[in-house]
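Beneath this line is the structure, given in structure tokens, with notes to follow.
The values are calculated or read from the model by the stated rules, or taken from the named source; none is laboratory data. Quick caveat, the model's predicted, so the values are computed rather than measured. A quick note on method: Cβ atoms are made from the backbone with ideal geometry, for glycine too, and the neighbour counts reach across all protein chains shown. What goes into the accessible areas is simple: the full protein's heavy atoms, side chains included, and nothing from ligands, DNA or RNA. Shrake-Rupley method; radii C 1.70, N 1.55, O 1.52, S 1.80 Å.
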Amino acid sequence: MKIEHLKDLATLVSLCKRRGFIFPSSEIYGGINSCWDFGPLGVELKNNLKKVWWNAMTRQEDIVGLDASILMAPQVWKASGHIDGFSDPLVECKKCKSRFRQDNVSGTKCPNCGGELSEPRQFNLMFKTFMGPVEESAAVVYLRPETAQGIYVNFENVQTSMRKKVPFGIAQIGKAFRNEITPGNFIFRTREFEQMEMQYFVKPGTDEKFMESWMKTRMQFYLDFGIKKEKLNFHQHGDKELAHYAKSAFDIQYEFPIGWQEIEGIHNRSDFDLGNHQKLSGKSLLYFDEASKEKYLPYVIETSAGCDRNCLTFLCDAYREEKTAGTVGEDGKDAGEDVRIVLGFHPDIAPIKAAILPLSKKEPLQTYSRNIFKDLSLDNLVQYDETGSIGKRYRRQDEIGTPLCITVDFQTLEDHQVTIRHRDTMKQDRIAVSNLKEYVRNKLKSFAG
């Protein structure tokens, strides 16, 4: 058997639409650039990813959660530097009017039509809107370009209400919006996206130690949930790459079909954010350390991941094609190469944990199968499928990454046993229905996929 991994995003885009993971937004109207809708399986994949991230963060003693507002006081973005500095250099073709980020083009000619490009000008990436019924400058607000600032302005609220001592962290999952000049590559870069961020507040002087610790922790997260080690690496930001707030920064990169790209950033933000909010608001954000009897502005170690981009990472890494040579039929003709498409998700990430497949649509099997479905649905998201041959149904479940398929046949009616087929090995076990829930639970915990 020959195994091939994903070579281009177009293949994945097609699979995601065909199997209900991700659809182009507003498709009946021709779509809208770089906006995507997560379908029934896509939203389950995304929710599973958010769940394992949230548990990895907030099930620790020193990290709590937060859900801050998308709309915030404009002064927040003044203090953070986004109003004055959150921009990209933009060039425009004088002929076809296409716009590009300056760092995405080489030379002075338009990559689309060959026309002359304009001089670069700064383009602010924040979406602007208005609060209230009158569109005037006093009512201007912004859709947040990151979730982190909601954590910083709530630092004192969280610290005092939860009686937290430094070091401690605040985690948040939420929508963010950036008016990207050149979005693209499926859901890799979009204008509306969901972030999973954690800000860890530490005593100045201990920041480098915690930076190193969180780098190891976050890399291990991806390994624990099945991402291939050889597809991951760290990229350190040079002086010219560092954001305005960063003392140091590392990206966790994944090797996509489009090359090595960032999937998560770990940043030492020093006291930049708390210091600027303290200065502009006039409210002290100093932390009193009872042990040392000193006051200081904590430094911040940030871990920042895009949920949508992480979904793309897990989809790309899980995709594989297993090709076996075809057999020769009775007519002497080659049946051709057989290709099995598999999404080899870790079971905690997989949208569907198990599929219930009655061998026939006949009533005794349907009733028996639906009772199993109801029983297993109490613990996991499972799917009932009675349409098509059993082979085709196995392949459908392989394509959506279902770890286990449970076949109910006529023998089941007599011996009350079902056949369990494993996604990655295609090995089959015969299991008593009375032991099925425990078997499924144990296999999902120990699954090698």
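Structural remarks
- Condition check for T402: at pLDDT 95 or above, closer than 21 Å to F314 by Cβ and not basic (K, R): yes
- Any chance N124 is of a type in the set (S, T, N, Q), modelled with pLDDT under 85 and touching a strand residue (DSSP E or B) at 6+ places or on another chain (Cβ under 6 Å): yes
- Listed conditions (1) open to solvent by 20 Å² or more (accessible area, probe 1.4 Å); (2) in contact with a strand residue (DSSP E or B) (Cβ under 8 Å, 6 or more places away or on another chain); (3) under 25 Å from W53 (Cα atoms) are all met by E241, apart from (3).
- Note on the stretch 120-166: residues that are touching a residue at least 12 places away in the same chain (Cβ under 8 Å) and either open to solvent by less than 70 Å² (accessible area, probe 1.4 Å) or of a type outside the set (A, V, I, L, M, F, W, C) (or both) amount to 32.
- If you go through the stretch 218-234 and keep only what is at negative phi and surrounded by 14 or more Cβ atoms within 10 Å (Cβ to Cβ), you end up with R218, M219, F221, Y222, F225, I227, K231, L232.
- In the stretch 410-444, the residues that are surrounded by 15 or more Cβ atoms within 10 Å (Cβ to Cβ) and either part of a loop (DSSP other than H, G, I, E, B) or without any contact (Cβ under 8 Å) to a residue 12 or more places away in the chain (or both): R423
- Consider the stretch 9-25 and keep the residues that are open to solvent by 60 Å² or more (accessible area, probe 1.4 Å) and either outside any helix (DSSP H, G or I) or touching an Asp or Glu at 6+ places or on another chain (Cβ under 6 Å) (or both). The one that is farthest from S98 (Cα to Cα) is R19.
- Criterion: within 17 Å of the chain's Cα centre (by Cα) and not in a strand (DSSP E or B) - qualifying residue of F210, F193, F221: F221
- Strands (runs of 3 or more DSSP E) lying entirely in the stretch 46-119 (those with 2 or more residues that are at pLDDT 90 or above and either surrounded by 14 or more Cβ atoms within 10 Å (Cβ to Cβ) or not charged (D, E, K, R) (or both)): 63-65
- Taking the stretch 26-44 as the range and being assigned to a strand (DSSP E or B) and surrounded by fewer than 13 Cβ atoms within 10 Å (Cβ to Cβ) as the test, only D37 passes.
- Residue in the stretch 50-96 that is farthest from the chain's Cα centre (by Cα), counting only those that are more than 27 Å from E119 (Cα to Cα) and β-branched (V, I, T): V76
- As for the stretch 189-206, it holds at least one residue that is touching a strand residue (DSSP E or B) at 6+ places or on another chain (Cβ under 9 Å), among the β-branched types (V, I, T) and open to solvent by 30 Å² or more (accessible area, probe 1.4 Å).
- Pair list, Cβ < 8 Å and 6+ apart or interchain, from the stretch 386-400 residues that are over 15 Å from V342 (Cβ atoms) and in contact (Cβ under 8 Å) with a residue 24 or more places away in the chain to residues that are β-branched (V, I, T) and surrounded by 12 or more Cβ atoms within 10 Å (Cβ to Cβ): I390/T407
- Among the residues of the stretch 224-257, the ones that are charged (D, E, K, R), closer than 25 Å to F168 by Cβ and in a loop (DSSP other than H, G, I, E, B) come to 1 in all.
- Check on H267, under 30 Å from S69 (Cα atoms) and exposed (fewer than 13 other Cβ atoms within 10 Å of the Cβ): no
- Filtered residues of the stretch 225-254 (kept if touching a residue at least 40 places away in the same chain (Cβ under 8 Å) and farther than 17 Å from I301 by Cα): F225, G226, I227, K228, K231, Y254
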